[in-house]
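Presented below is the structure to which this report refers.
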Amino acid sequence: MDYGLHIADFTWRSGAPNLGPALAAHVRNAEAAGIRRITVMDHFWQLPGLGPVEHEMLEAYATLGFIAAHTETALLHTLVSGVIYRHPSLLAKQVTTLDVLSGGRVGLGIGAAWNEEECRGLGFPFPPVAQRFRELEETLQICLQMWSDSEEPYEGAIWQLERTLNSPQSITRPHPYLLIGGGGEKKTLRLVAQYADACNLGVRDELPTHKLDVLRAHCDDVGRDYDTIEKTAMVPLTPETTASSLAALSASLADIGFTANYVFAVGVDEPSRVVDVIRGAIELE
């Protein structure tokens, strides 16, 4: 099981003015602890359930660039980008740029977006769900085309690109790691089967075994080998979480086919404790 550090809360004891050095130390500690993946949210306000919306939140791609400069080996990506926030070609270029500058360590996590309150507050368009999924599929197609050898035009129902030139091209071939987040059974998991390297499913009270069954059925429908899709989980780390409880959950996830576990803090304002618990779980494997 690979452990990932998902940074979903930047309201730390060190305070906002010290976020730069605190984040640099946090990600260096994570790599030293054996954590192989580091991700951030793609939001502009803090999410309900993690804290008040007024709490600190950093823009995702600027933050990934900062993290890339302070790490050496970890896979970096968002978990996950809202498709409505950026034009697809800009998103492909951002990921490509970070992949090149990091030496091939940056991927794309993406989803259909859901935070209407945040969008209304900051003026982002928030179309109906069917439109967001149409945008998501076209964005996946555009990114994959821009990461390929093709410079042909792209003609979609929503976006039209005259030339899909992308230079420099990504270091990671055939394309950067591509993960789709969410467990929607009709649309999201179908898009995973059709386009993605990995899915990401939230884990709370029970293992998402049924979601994997749905994904397998979609793979059968589109002619995809189910085993070629990486199954990744997202699990909370609370003040009550111990290394042994985290290791036990990871073992249960591994038993049903998961290979990566992204851990995010809830109610923990000292980032070193998060790393310490994950380190302990790694040592117990």
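The values are calculated or read from the model by the stated rules, or taken from the named source; none is laboratory data. From a predicted model like this one, the values you see are computed outputs, not experimental measurements. We place every Cβ from the backbone using ideal geometry, glycine too, and count neighbours over all the protein chains shown. Keep in mind that these areas ignore ligands, DNA and RNA; they rest on the heavy atoms of the full protein, side chains included. Shrake-Rupley method; radii C 1.70, N 1.55, O 1.52, S 1.80 Å.
Seen from ASP220, the other residues with C-beta closer than 13 Å to its C-beta sum to a net charge of -1, counting Lys and Arg as +1 and Asp and Glu as -1.
The modelled label-to-label distance between ASP205 and SER244, using points 7 Å beyond Cα along the C-beta direction, is 2.6 nm.
Across the protein chains, with a 1.4 Å probe defining accessible surface, the residues SER245, SER81 rank SER245, SER81 from largest area downward. Based on alpha-carbon centroids, what's the gap between region 183-206 and region 1-53 in Å, whole number please? Computed from Cα coordinates, the inter-centre distance equals 24 Å. Largest first, the extents of the alpha carbon coordinates of the chain on the three principal axes equal 50, 43, 37 Å. To the nearest ten degrees, helix 88-101 and the longest principal axis of the Cα atoms of the chain are 50 degrees apart. Relative contact order of the chain: 20 percent, from C-alpha pairs under 8 Å at least 6 residues apart in sequence.
Using C-alpha pairs under 8 Å with a sequence gap of at least 6, the mean separation divided by the residue count of region 1-44 gives a relative contact order of 67 percent.
In region 15-89, the ratio of gyration radius to Kirkwood radius, Rg to Rh, stands at 0.98 when only Cα atoms are counted.
Taken over region 207-274, the percentage of Cα pairs per 5 Å bin, counting from 0 up to the bin with the maximum distance, is 3, 15, 23, 19, 14, 11, 7, 5, 3, 0.
Spin-label model, SER150 to ASN18: label points 7 Å out along the Cα-to-beta-carbon direction sit 5.1 nm apart.
Does anyone have the angle between helix 271-284 and the longest principal axis of the chain? Alpha-carbon axes, 0 to 90°, nearest 10? It is inclined by approximately 90 degrees. Between ALA251 and HIS70, the modelled label-to-label distance comes to 3.4 nm, taking each label 7 Å out from Cα in the direction of the beta carbon. When the solvent-accessible area of region 1-65 is split by element, carbon and sulfur atoms take up 54 percent of it, the probe being 1.4 Å.
Taking all Cα pairs closer than 8 Å and separated by 6 or more residues, the relative contact order of region 156-285 comes to 20 percent. Among the GluC sites (Glu not before Pro) within region 178-263, those in coil by DSSP and having at most 16 neighbouring Cβ atoms inside 10 Å are GLU185, GLU206, GLU240. Relative to the longest principal axis of the Cα atoms of the chain, the long axis of helix 60-69 lies at roughly 60 degrees. Our helix-only sum for the chain, with -39,500 (n - 2.57) per DSSP H run of n ≥ 4 divided by its residues, gives a mean residue ellipticity at 222 nm of -12500 deg cm²/dmol. With the charge dipole of region 220-285 set up from +1 on Lys and Arg Cβ and -1 on Asp and Glu Cβ about the Cα centre, the Cα lying farthest toward the positive end among the listed residues TYR262, THR232, SER272 is that of SER272.
Sorting PHE133, PHE258 on solvent-accessible area from highest to lowest, probe radius 1.4 Å, gives PHE133, PHE258.
Cα convex hull, region 60-184: 108 Å³ per residue, rounded to a whole number. Calculated on the Cα set of region 1-147, radius of gyration then Dmax: 15.6, 44 Å. Fully extending the segment from ALA157 to GLU283, taken as 0.36 nm per residue of separation minus the present Cα-Cα distance, adds 40.3 nm. Diffusion coefficient of region 182-230 by Stokes-Einstein, Kirkwood radius over Cα pairs, 20 °C, 1.002 mPa s: 201 µm²/s.
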